[in-house]
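Have a look at the structure below before the remarks.
Read the figures in this text as sums done on the coordinates, not as results from a lab. Quick caveat: nothing in here was measured; it's all calculated off a predicted structure. Cβ: placed from backbone, ideal geometry, glycine included. Neighbour counts: every protein chain shown.
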Amino acid sequence: MPQNGETAPLLGGIPNLARNAVAQDEAVRARRAATVRAVTYSILTTVFVVALAGLLLFWDKLSGVVGRLPKDPHKAALLILDSAPVIDGHIDLPILVRTAYSNNVSAIDLSKSFEGHVDIPRLREGKVGGFFWSVYADCPSVEEQSDDFIKPTNRVRDTLEQIDIAKLLINKYSDTFAWTLSAKEIKAAISRGQIASLLGIEGGHQLGNSIATLRQYYDLGVRYVTLTHMCHNAFADSCGIFVGIEPLHGGLSPLGRSLIEEMNRIGMLVDLSHTSDDTAKQALKHTKAPVIWSHSSARAVHNVPRNVPDDVLELIGTSPNKTDAVVMVNFAPYFVAPSGEADVKWVADHVDHIAKVAGKEHVGLGSDFDGIGEVPIGLEDVSKYPALVAELYKRGWNAFELAGLTGGNLLRVLEGAERVAADLQKNGAQPVTAIYEKRKDL
């Protein structure tokens, strides 16, 4: 059983009352020793209970079911998901609400069947324990943007509105959704039977060329930023979408490197979906913290620029000269398979390939539901995650590996980013104050 990373810091804070005692006689020493034991046992008991609660979520419950999993793959999948529910890296419900309902929260009823791929009944049916609400604003048009990204746009305004609508919906259904900001809070929400809800920003163009904006988004609850969308920005190069686009920076710009440093310092996950190969390679080398691909599949399985190539997957790992990461597989048919062929088996092929190259501990799920116009056969909406788990179970994935896929791997990466941020801040790392060199107002 893996060690609980929360245990050691708590134990390290236990007061050693005996060391500071000035023993005057045997009676005093005995009383103080008894106090030490009582305090120690009390703290250890608390730590044990907290650790056990977290571990039960993904491991101890699984230990009890592994030996009695039914032969039927679907039934086995449901049993596994009861203990290790899905945490999806990318769901686009907020942009659906913006485009279809002008962000009018009063017009939305998620408690019953709702258009698109997501509503509360289907989330429950699909055994969803949490997801990142994608806070998306599209790339500026050619007319809106200048070559040096200096021309003002409304993207920061639009991003704030998307943060707002996500929070309004989470609050409207607070009996179902739990606003969460950390791995610990995700686990706690799931243990209460709620759906953990986090925010992710889908593109560096939404930062307005400003690292200060990044910090404010973090304070508003955002926990990952995708370095690019389908356009280049002042920080990094994009991969485009169906065909590659000519590089601008050759990967990361100097400001982009500064951005990653500040993301590491504050605990914001670096998301490499949509980035060019060179951006991804340079980011993996530059980051001090684990990273994610919130919604990307495998290029070796289906050759489009949006998918991750093997030479990038090979850089992922926990051994020297590799970087811990999780690649969360996208369900969009045009990224999964040739036209008309996408189904649950093709998606499973992407999961299998990433697991083969990077390792099963480095793959997750990032459906892109509500952000895609088409869906694979068998994965039509959020109720269908069990079908994918069943398919992989048939292929030999065990309960522990599937628990990593559905959420455990993402939690490990998030906890890793949190630890790096805590260490950097403890050691005095200062806020990054780099300014975009082409700005003329500062």
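The label point for Ser146 and the one for Asp82, both projected 7 Å from the Cα toward the Cβ, are 6.2 nm apart. The gain in end-to-end length when the Val243 to Lys172 segment is fully stretched comes to 21.5 nm, 0.36 nm per residue minus the alpha carbon separation. Each peptide among 201-207, 396-402, 275-281, 112-118 gets the average number of other Cβ atoms lying within 10 Å of its residues, and from highest to lowest they stand as 201-207, 275-281, 396-402, 112-118. For Lys112, a cut-off of 20 angstrom between C-alpha atoms picks up these aspartates and glutamates, skipping any fewer than 8 places away in its own chain: Asp92, Glu125, Asp175, Asp370, Glu380, Asp381. Centre-to-centre separation between the Cα atoms of the stretch 365-433 and those of the stretch 306-352: 12 Å. Distances between placed amide hydrogens fall under 5 Å for Trp293 paired with Leu272, Val326, Val327, Met328, all partners being 5 or more residues away or on another chain. Each of the peptides 305-316, 378-389, 429-440 was scored by the mean count of other Cβ atoms within 10 Å over its residues; in descending order, highest first, they stand as 378-389, 305-316, 429-440. For a paramagnetic label modelled on Arg157 (point 7 Å from Cα along Cα→Cβ), amide N atoms under 20 Å away belong, within the stretch 104-148, to 104-105, 135-146. Note on Glu314 and Ser191: their simple-model spin labels are 4.2 nm apart, each label 7 Å out from Cα toward Cβ. For Lys184, the lysines whose Cα comes closer than 28 Å to its Cα, not counting residues fewer than 8 places off in the same chain, are Lys61, Lys127, Lys167, Lys172, Lys285, Lys288, Lys322, Lys360, Lys384, Lys426. Karplus-based coupling profile of the stretch 417-427, in residue order and whole Hz: 5, 5, 5, 4, 4, 4, 5, 4, 5, 4, 8, with θ = phi - 60° in 6.51 cos²θ - 1.76 cosθ + 1.60 and x standing for Gly or Pro. Taking 7 Å steps out from each Cα toward its Cβ at Ser111 and Lys285 produces label points 5.5 nm apart.
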